[in-house]
Amino acid sequence: MDHFLYRDGELFAEDVPVADIAAAVGTPFYLYSTATLTRHYQLFDDALDGMEHMVCYAMKAASNQAILKTLADLGAGMDVVSGGEYARAKAAGVPGERIVFSGVGKTRAEIRAALEGGIRQFNVESEPELLVISEIAASLGKTAPITVRVNPDVDAKTHAKIATGKSENKFGIPIAKARAVYAEAAALPGIDVIGIDVHIGSQLTDLEPYELAYRKVADLTEQLRADGHNIRRLDLGGGLGIPYTRSNEAPPLPSDYGALIKRTVGHLGCEIEIEPGRLIAGNAGILVSRVIYVKEGEGRNFLILDGAMNDLIRPAMYDAHHDIVPVVEPDAGVEQQPYDIVGPVCESGDTFAKNRMMPPLRAGDLVAFRSAGAYGAVMASEYNTRPLVPEVLAKCDQFAVIRQRPDFDEIINRDTIPPWL
Ligand SMILES: *Cc1c(COP(=O)(O)O)cnc(C)c1O
């Protein structure tokens, strides 16, 4: 559930009319709900109640400072995948002890910065990375807390671009090799082996792959303990899916997921970490856009919006579906008609939906893309020199712009002309 609901015939974000924000900010823009972010974080936190745990928000889903601060104030940790994200988390006030560093390609500079600034743990994805972390930590007179990300070779049954737990994917160390790698890690001077990490993919709508993966992690925990390793923390990754359509079967709830965690690894006495991104931010954000033209094509009508693929790339990149709703609530029983809903960018891929049944719309009308809070604004670009899409956060009857729309001069002045021109 979210806090974008019709009230008196128009769409609200919490207690603010979306049309009022559009009038103040201009379109397109992303709009987040504080209450929804809070609710989703709380669902995960409650689901792990009774176990020592930390919910580390996978901030690549939506990484605005205001969103990070909202979650951090509730006690969330952060899962970061780059030096930039690490710096962003620190800038939002998240202490190093609550930041987990994931990713297959951590550079020396990134590792050094995290060791100097404080880190909860590195989730190590390869043997060469292990050696580099040890070397840098030792040179700083520190030991780096690490887990090894194991690849459990399970099929997450999700879109190929976001599946990460099969042996063919670039992520983690094959689980069959794990004992050898842990032995190697334990012998290194700059490394403190604290646990195991696994993350099998994103937008999982079925708990079975988790069940398979977590059972393998439980077995591995016992083997590694028998080998003499003090395994005391399990990072179980993120990836729980969200409903992108109203009609969809509902994906599993965080409470079901929590029960699964307790059932599969609860007996081990480990501290549990999870890294949800999409489920926290996805339905906590919408993209608001305005119809520029309604164009009658041959055999089809186009709704041409002022939002485009550079603002929301998920339909072009993952064939993703977003429900698109008018900001003025249509009258009950109004006859719907099919539209191809597109943006102004010069690519046919700039198509949000084909043959989408919508109530009749006219130029100037506002529409909202639902479930756009995760992997939306963070993937936006300035392709076609369209200004980076702004972000707005609502809370009760207040709203604030949390990322300004740059003007053309700002964009153009980022380029520099070499002296010979
Ligand atoms: C992307 C990612 C996540 C978050 O995935 P969601 O589907 O957004 O929950 C968690 N952990 C790691 C390592 C990731 O790469």
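The values are calculated or read from the model by the stated rules, or taken from the named source; none is laboratory data. Model, not experiment: these values are computed from the prediction. Using ideal geometry, Cβ is built from the backbone for each residue, glycine included, and neighbour counts are taken over all protein chains shown.
Report, by residue number, each residue of the range 181-205 that is away from the ligand (no atom under 14 Å from the Cβ) and part of a loop (DSSP other than H, G, I, E, B). Within the range 181-205, Ala187, Leu188, Pro189, Gly190 meet the criteria.
In the range 212-231, what residues are within 16 Å of Val150 (Cβ to Cβ), away from the ligand (no atom under 16 Å from the Cβ) and not polar (S, T, N, Q)? Across the range 212-231, the qualifying residues are Leu212, Arg215, Lys216, Ala218, Asp219, Leu220, Glu222, Leu224, Arg225, Asp227, His229, Ile231.
Matching residues to (1) free of Cβ contacts under 8 Å to residues at least 40 places away in the same chain; (2) closer than 21 Å to Gln121 by Cα; (3) under 21 Å from the mean Cα position of the chain (by Cα); (4) not assigned by TED's automatic domain parsing to the domain that holds Ala259:
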residue	(1), (2), (3), (4)
Arg149	no, yes, yes, no
Pro152	no, yes, no, no
Ala163	yes, no, yes, no
Glu168	yes, no, no, no
Ala187	yes, yes, no, no
Ser202	no, no, yes, no
Leu220	no, yes, no, no
Leu224	no, yes, no, no
Asp235	no, yes, yes, no
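From the list Thr27, Thr36, the one residue that fits, being modelled with pLDDT of 95 or more, in contact with an Asp or Glu (Cβ under 8 Å, 6 or more places away or on another chain) and part of a loop (DSSP other than H, G, I, E, B), is Thr27.
Given the condition crowded, with 23+ Cβ neighbours inside 10 Å and away from the ligand (no atom under 16 Å from the Cβ), answer yes or no: does some residue in the range 350-357 qualify? The answer is yes; a qualifying residue exists.
Just one of the numbered conditions (1) under 28 Å from the mean Cα position of the chain (by Cα); (2) in contact (Cβ under 8 Å) with a residue 12 or more places away in the chain is not true of Leu361: (1).
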